[in-house]
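Visitor: Take this structure first; my questions come after.
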Amino acid sequence: MKEVRVRYAPSPTGDPHIGNIRSAIFNWLFAKNKKGKFLVRIEDTDQARLVENGIQKQKDSLKWFGLDWDEIYIQSERLKIYSKYAQQLLEEGSAYRCFATQEELDKLREKQKKSGRITRYDSRYRNYDPKLSKERSKAEPYVIRFKSPQKGITKCLDNIRGEIKFNNKEMDDFIIIKSDGYPTYHFANVIDDYLMNISHVMRAEEWLPSFPKHVNIYNSLNWEMPIFVHLPMILAPDKTKLSKRHGATSVEEFKQAGYLNSAMFNFLVLLGWALDDKTEFFTVEELIKVFDINKISKSPAIFNKEKLDWFNGRYILNSKYDDFAKEINNYFKQFLDIKKYKAIQNYNINDISIMIKERCKTLNDAIMLTEFLYQKPKFKSKYEIQIMCDNPEQCQTILTSSIESLNDIQEFTIENIESILKSLMTKLKVKPKNLLGTLRIIITNQKISPPIFNCLYILGKKESIKRIQFAIDYL
Ligand code: GLU
């Protein structure tokens, strides 16, 4: 069998969308499974749509998912190649120059619209005299258009959909080289897939309508085609195309919201692919072993945010404490302001990991759960401190005796803190809510926080006592 060579071909026109990354993941897994090559091709021929750092953004998101590439190409550096093949098509009569101005084309559109026809180019230069065309091209701007077949059908073979037939009557003579000399997506994409020896094209279903254009270019050049697999759409639960109005859609947004790359990877693979009807959790190594393009589904995949949250929570729960410590540290470094990040550095990140891992669904939860480390409690009223107690006197007793108990601890460990506070509860005959609940509020200023024994341990004896004293002074 031919060597498997697949590619991910993003246009650097914005923050990479998770739909694109899903395509990248499928291609990468397939390449790894077949011991083939994974290429990245930056399709930057639409100069008007480029964004700053677009290429870097693409590379960064691939790296975040661990999708390493064997070769990388940038189309804007290959203009001569496309121009050579366009010339060839011109000479062979499979393409032609079109000198229609924008004004002319606008008029045509208007006219077609008024008479209720489909608006499209009317092939006005299709039969133009080649000599005249060449002459005019020396002085006038022009585009090169492909001579699409006008009769019959174009058959397109998709690996999961079978043969799809397109009526050639509906095809127009589309542009292959624009007036700025850049190729269009359709043209450069086909030329490159062929020259780069791509064996399988796996791309989003959105490209299905363009498929006949590509097939006709292959046919006119007499080139053998790769195998095509159009990946199912990703829809929101309301069955419309996943877009901004459904929430986060770009890799960067998910990263910022605190999702783990490993969880996202696993989750994205399941959007349009399944090994069977039960297995959901896979490591990357397992996926490399079992990934099979014949198991890609035809029907759209539904992006279920609750499921992603659940997935992420499970990944966090199952991670090792020191791995999670690295994750939160990285996350804090990127998304906390420098002051807060520095303040967090005063604490042991492994202790933080042990304190919060079980309570985090996302890395963003770690921010909220550690805020108390650098934000000292502030109270608006005495009631806030006393709320967990049966009466103000009880609160006072709890606070003063907690200081005494904590002071008595020689080795300030989680276990020692827990045992001394538990015996204090028995001694004072108070409920956990009274004592632990009150400490939670005055230490963390929150009703929900990591386990209080861990909080006290991380803050240390001195700071813990200081905070309790602060509450006593406030009363
Ligand atoms: N540049 C196209 C995109 O961004 C690539 C489509 C393809 O893979 O052929 O979707």
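The values are calculated or read from the model by the stated rules, or taken from the named source; none is laboratory data. In this text the structure is predicted, and so the values were computed from the model without any measurement. Backbone-built Cβ (ideal geometry, glycine too); neighbour counts: all protein chains shown. Please note that ligands, DNA and RNA were not included when accessible areas were found on the heavy atoms of the full protein model with its side chains. Shrake-Rupley method; radii C 1.70, N 1.55, O 1.52, S 1.80 Å.
Visitor: Need the failing condition index for L235 against (1) within 19 Å of the chain's Cα centre (by Cα); (2) aliphatic (A, V, I, L, M); (3) within 18 Å of N27 (Cβ to Cβ); (4) away from the ligand (no atom under 16 Å from the Cβ), just the number.
Guide: Status for L235: all satisfied but (3).
Visitor: Within segment 121-130, is even one residue buried (at least 17 other Cβ atoms within 10 Å of the Cβ) and either outside any strand (DSSP E or B) or over 33 Å from the mean Cα position of the chain (by Cα) (or both)?
Guide: Looking only at segment 121-130, we keep the residues that are buried (at least 17 other Cβ atoms within 10 Å of the Cβ), and these are 121, 125.
From what is left, the residues that are either outside any strand (DSSP E or B) or over 33 Å from the mean Cα position of the chain (by Cα) (or both) are 121, 125.
Yes, segment 121-130 contains a residue that is buried (at least 17 other Cβ atoms within 10 Å of the Cβ) and either outside any strand (DSSP E or B) or over 33 Å from the mean Cα position of the chain (by Cα) (or both).
Visitor: Something else about it: Would you please name the residue that is nearest to the ligand (Cβ to nearest atom), looking only at residues in segment 183-207 that are surrounded by fewer than 19 Cβ atoms within 10 Å (Cβ to Cβ) and part of a loop (DSSP other than H, G, I, E, B)?
Guide: M196
Visitor: Another question, if that's okay. Of everything in segment 372-394, what is open to solvent by less than 70 Å² (accessible area, probe 1.4 Å), within 30 Å of K255 (Cα to Cα) and touching a residue at least 40 places away in the same chain (Cβ under 8 Å)? Give them in sequence order.
Guide: F372, L373, P377
Visitor: Specify the residue that is most open to solvent (accessible area, probe 1.4 Å); the eligible residues are those in segment 304-337 that are in a loop (DSSP other than H, G, I, E, B) and not polar (S, T, N, Q).
Guide: Applying the filter and picking the extreme gives K320.
Per-residue answers, yes or no, for (1) exposed (fewer than 11 other Cβ atoms within 10 Å of the Cβ); (2) at positive phi; (3) out of contact with any strand residue (DSSP E or B) (no Cβ under 8 Å at 6 or more places or on another chain):
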{"residue": "I74", "(1), (2), (3)": "no, no, no"}
{"residue": "G93", "(1), (2), (3)": "yes, yes, yes"}
{"residue": "C98", "(1), (2), (3)": "no, no, no"}
{"residue": "E103", "(1), (2), (3)": "yes, no, yes"}
{"residue": "T119", "(1), (2), (3)": "no, no, yes"}
{"residue": "E135", "(1), (2), (3)": "no, no, yes"}
{"residue": "I144", "(1), (2), (3)": "no, no, no"}
{"residue": "R161", "(1), (2), (3)": "no, no, no"}
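Visitor: Oh, and also: From the list E253, E286, pick out the single residue that is out of contact with any Asp or Glu (no Cβ under 9 Å at 6 or more places or on another chain) and within 26 Å of L317 (Cβ to Cβ). Full working, then the answer.
Guide: Working: E253 fails: out of contact with any Asp or Glu (no Cβ under 9 Å at 6 or more places or on another chain).
Answer to the selection: E286.
Visitor: Okay, next question. If we scan segment 12-22, do we find a residue that is among the polar types (S, T, N, Q), over 23 Å from G258 (Cα atoms), out of contact with any Phe, Trp or Tyr (no Cβ under 8 Å at 6 or more places or on another chain) and modelled with pLDDT under 95?
Guide: Yes.
Visitor: Here's another thing I want to ask about it. Of everything in segment 26-58, what is assigned to a helix (DSSP H, G or I), more than 10 Å from the ligand (Cβ to nearest atom) and either farther than 20 Å from P183 by Cα or small (G, A, S) (or both)? Give them in sequence order.
Guide: Once the filter is applied, which keeps residues that are assigned to a helix (DSSP H, G or I), more than 10 Å from the ligand (Cβ to nearest atom) and either farther than 20 Å from P183 by Cα or small (G, A, S) (or both), segment 26-58 yields F26, W28, L29, F30, A31, K32, N33, A48, G54, Q56, K57.
Visitor: Same structure again: Can you tell me which of (1) in contact with a strand residue (DSSP E or B) (Cβ under 6 Å, 6 or more places away or on another chain); (2) open to solvent by 40 Å² or more (accessible area, probe 1.4 Å) is the one A301 doesn't meet?
Guide: (2)
Visitor: Here is a further query. Checking the structure you have, find out if any residue of segment 264-275 is within 26 Å of I160 (Cα to Cα) and of a type outside the set (A, V, I, L, M, F, W, C).
Guide: The answer is yes; a qualifying residue exists.
Visitor: If you don't mind, another one. Taking interchain pairs and intrachain pairs at least six residues apart, which have beta carbon atoms under 9 angstrom, with the first residue in segment 51-80 and β-branched (V, I, T) and the second part of a helix (DSSP H, G or I)?
Guide: As it stands, the answer is V51/K57; I72/K59; I74/I55, since those pairs meet every condition given.
Visitor: Here are E140, E135: which of them is away from the ligand (no atom under 13 Å from the Cβ), part of a loop (DSSP other than H, G, I, E, B), more than 30 Å from R22 (Cα to Cα) and at pLDDT 95 or above?
Guide: E140
Visitor: Hey, another quick one. Answer with yes or no whether N219 is of a type outside the set (F, W, Y), closer than 29 Å to D172 by Cα, assigned to a helix (DSSP H, G or I) and open to solvent by 40 Å² or more (accessible area, probe 1.4 Å).
Guide: yes
Visitor: Of all residues being away from the ligand (no atom under 11 Å from the Cβ) and part of a helix (DSSP H, G or I) in segment 6-25, which is surrounded by the fewest Cβ atoms within 10 Å (Cβ to Cβ)? Just the residue, please.
Guide: Checking each candidate, the answer is I18.
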